[in-house]
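Derivation of every value follows stated rules applied to the coordinates shown; laboratory data play no part. These figures come from a predicted structure and were not determined experimentally. Ideal geometry is used to build each Cβ from the backbone, glycine not excepted, and the neighbour counts take in all protein chains shown.
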Amino acid sequence: MITRKCSVMREKDVLDLVIEYERKKGRTAKQVRRRGEGYDLESNGRLIEVKRRNFPKERFILLTQNEMMNFIHNPNSWLYVVYNDGDWHVIELDRDKVLKGVQRIITQFQVSLRKEIVGI
């Protein structure tokens, strides 16, 4: 548990909270999310994607294709779910737990531009 006074946190605040959490666990985390790697932090070999959720009410996390590819290809991938029930908490899910709980959902549709559709 990490104690913070505010009930609402911006994305940067959530990342700072996880960096503090990692420090308390004896690890050193650095932010890398702007590099487009499919994760937010690197910490002693862990590739950490951070998501904030209204847990336990919301029992799902949406991952981008890039984030999912990271979990598929990197055995050191972790998902940290940050939530608040009066105090801030971090749930650590390793790659195996993420892949076990994954469900594919359709997020895009292809529209045909065949001649009979567009007229040319």
Residue selected from the range 51-94 under the condition closer than 16 Å to L15 by Cβ, in contact with a Lys or Arg (Cβ under 6 Å, 6 or more places away or on another chain) and of a type outside the set (V, I, T), by the criterion surrounded by the most Cβ atoms within 10 Å (Cβ to Cβ): W88
Report the residue count in the range 39-50 for those that are crowded, with 20+ Cβ neighbours inside 10 Å and small (G, A, S). 1
Mind listing just one residue for me: the one in the range 95-120 that is basic (K, R) and surrounded by 10 or more Cβ atoms within 10 Å (Cβ to Cβ) and, of those, farthest from N44 (Cα to Cα)? K97
Give me the helices (runs of 4 or more DSSP H) completely within the range 52-120, filtered to those with at least 3 residues that are touching a residue at least 12 places away in the same chain (Cβ under 8 Å), ordered by residue number. 65-73, 95-101
